[in-house]
Amino acid sequence: MAQQIQNITITAPGFAGINTQDAPLSQDPSFCAVADNCVIDKQGRIAARKGAAPLTTNGSSVLGSSIGIQVIKQFRDDSGASIVFSCGNNKIFTGTTTLVDVTPAAYTITANNWKVVTLNEHIYFFQRGYVPLVYSTAATPLRIISSHPGYAGTAPNGNEALAAFGRLWVADTTTDKSTIKWSDLLDGVKWTGGSSGSIDITKVWPNGYDEIVALAAHNGFLIIFGKESIVIYSGASDPSTMTLSDTVSNIGCVSRDAVTSTGKDLVFLDKSGLRSLSRTIQEKSAPLGDISRNVDEDIKLIISNETGNIQLHYAPIEAFVISLFPSQDQSYVFDTKRQIQDGSYRATTWTSMGALCFTNLIDDTLYIGTSSGISTYSGYNDNTATYVLSYSSHPLTFGNSSTLKFLKRINVTTFNGANALVTLSFAYDYATAYKKRSYTLPATNVAQYGIAEYNLTAEYSNSITLINREKVNAAGQGAAVSVGLETTVNGNSIAIQELNIQALVGRII
């Protein structure tokens, strides 16, 4: 005989982010199987990410058939004037609304993989095999470094550059993957004399051989990332006396730009997943507690398929780390506001944004390089186009995987999303053919779902906030049920507050 109706209430569905690593049936309902084009907002809810709102108006004329803007960097000169540089279509531009080509005359560029750094009121451009470029003031245009009146020695044509400890550090040339050269103190155009110098770390690699991929500075240490190892030097403020402090074997960095600082820590992408430098140093070798552990297999697969420049970027205002895989138009986004119990960051994915790079301005505005130019992370459209938010739970068994469940109704509580078409889907026993029910959210609040019923705080007392609870009838039967929600984001934010799933639990199967 069928029992009384039982409920599974999932408050803040997807609160713990995506987990595709553990067995689906053993997971807490706070994890989810899919959370695409989402972030986890400050209330802990799956919510629509913001869009890429275009700034550039002349992108089609200056970018042509190229993939778009692949590098963005802001520079503030000694007068306080701010200039945004960007790179794409084998050119270097200034400006945001209107891109102006400032590529030096007779300087041929065939790739846009620039590393751009600032030091002492100068901005420098490095790329493997290219003579470095420098810009200082509006009175002198962007030019090759040897044209600077203070130039001395030979600046390396390196792929990686770091401005830290009062000087430039450059590595990874076409012919040398183990030497780091540094400039004189506070003088990025002087590469001989003074306190300039170099170090060959060939004999320091813990596995016998490696190649320098990325450089970083953290807590007074110079961090050297290889493909398969990490080397750490202390005392880098005086390179002549700096000493080897630590090494880590069998962990490295997948690409030059796959390192970012969160202020308190360095986060980097190893071929096995996203890692914290401080935890890696503590645990050595291949620690189990990496901060992407719940999506590690997904990360490994997407790394193996990526043909573009893998990048990590930390957005402090939004409090997330973006792991960008540009050729696949996909990002894994890791929420850093809090770690979950297993020590990992909560993960969601972004697709269809068309992002090629990210950068923060001095005021922390998040800029995005796209095929049409420069955009800002704002609004809820991608260059006026819509995008789809998708959520899917793992299979739910109501505590018993051996009994039949007969779904009766699913109550969905959402915030905002005025006029949005919402599609609720459900499937039984791991089937991929979902049954779907669609409804349209109203334009304004419905009185019976007001503040009193939900005991909401003043944050939600504004009448323009749409709070909707939809009761959706369901049907069918199975031992386990998966529930999903999908909606097209078109100019309005939306968040999923709660799913209340009601089912009759029947006989043992």
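For region 298-439, carbon and sulfur atoms together expose 48% of the accessible surface, with a 1.4 angstrom probe and every protein chain in place. Simple spin-label estimate for Asp429 and Leu244 gives 6.1 nm between the two label positions (7 Å along the Cα-to-Cβ direction from each Cα).
From the coordinates of this entry, semi-axes √(5λ) of the Cα gyration tensor in Å is computed, and it appears in (1) 49, 24, 21; (2) 48, 27, 18; (3) 33, 26, 22 under the label (2).
Heavy-atom accessible area per residue, region 111-192, 1.4 Å probe: how many Å²? Present the calculation step by step, with values, prior to reporting the outcome.
Details: 2950 Å² over 82 residues.
Here the residues of region 111-192 average 36 Å² of exposed surface.
When the chain is described by a simple charge dipole with +1 on each Lys and Arg Cβ and -1 on each Asp and Glu Cβ, the residue from Trp205, Gly14, Leu407 located farthest towards its positive end is Leu407.
In order along region 374-384, the Karplus-derived 3J(HN,Hα) couplings, from 6.51 cos²θ - 1.76 cosθ + 1.60 at θ = phi - 60°, round to 9, 10, 10, 7, 6, x, 9, 8, 9, 6, 6 Hz, and Gly and Pro are given as x.
The label-point distance for Ser237 and Ser378, in a model that sets each label 7 Å from Cα toward Cβ, rounds to 3.9 nm.
Close amide H contacts of Lys337 (hydrogens built in the peptide plane, cut-off under 5 Å, sequence separation of 5 or more or a different chain): none are found.
Counting only alpha carbon atoms, the long axis of helix 296-305 and the longest principal axis of the chain meet at about 50°.
Coupling constants for region 34-49 follow from the phi torsions by the Karplus curve (6.51 cos²θ - 1.76 cosθ + 1.60, θ = phi - 60°), and in residue order they are 9, 8, 9, 6, 10, 10, 9, 6, 5, 8, x, 9, 5, 9, 4, 5 Hz; glycine and proline get x. Once ligands and nucleic acids are excluded and a 1.4 Å probe is used, how much of Lys337 is accessible, expressed in Å² to the nearest 10? The value for Lys337 is about 80 Å².
With 19 Å as the limit, write out which pairs from Lys436/Lys471; Lys91/Lys190; Lys300/Lys337 have Cα-Cα distances beyond it, or answer none. All intermediate terms of the calculation are to be shown ahead of the outcome.
Details: Lys436/Lys471 14 Å; Lys91/Lys190 26 Å; Lys300/Lys337 24 Å.
Cα-Cα > 19 Å for Lys91/Lys190; Lys300/Lys337; rest within.
Let me have the relative contact order for the chain, percent, based on Cα pairs under 8 Å that are six or more residues apart. Could you put the intermediate results ahead of the total?
Numbers: 1317 pairs, mean separation 94.7, N = 509.
RCO, the chain: 19 percent.
Taking a ≥ b ≥ c as the square roots of the eigenvalues of the Cα gyration tensor, an a/c ratio of 1.5 or more together with a/b no larger than b/c marks region 246-328 as oblate.
For region 346-437, relative contact order (Cα pairs under 8 Å, six or more residues apart, normalised by length) works out to 13 percent.
Arrange the peptides 20-30, 312-322, 83-93 so that the one whose residues have, on average, the most other Cβ atoms within 10 Å appears first. Display every interim value, and only then the final one.
Values: 20-30: 14.8, 312-322: 19.2, 83-93: 21.6.
Order by mean packing, descending: 83-93, 312-322, 20-30.
Summed over the residues of region 39-82 and divided among them, the accessible surface reaches 43 Å² per residue at a probe radius of 1.4 Å.
Note that region 298-423 presents 35 Å² accessible area per residue, ligands and nucleic acids not counted, probe 1.4 Å.
The values are calculated or read from the model by the stated rules, or taken from the named source; none is laboratory data. Fair warning: this is a prediction, and the values are worked out from it, not measured in the lab. Cβ coordinates were reconstructed from backbone atoms using ideal geometry, including for glycine residues, and neighbour counts include every protein chain displayed. To get the accessible areas, we keep the full protein, side chains included, count just its heavy atoms, and leave off ligands, DNA and RNA. Shrake-Rupley method; radii C 1.70, N 1.55, O 1.52, S 1.80 Å.
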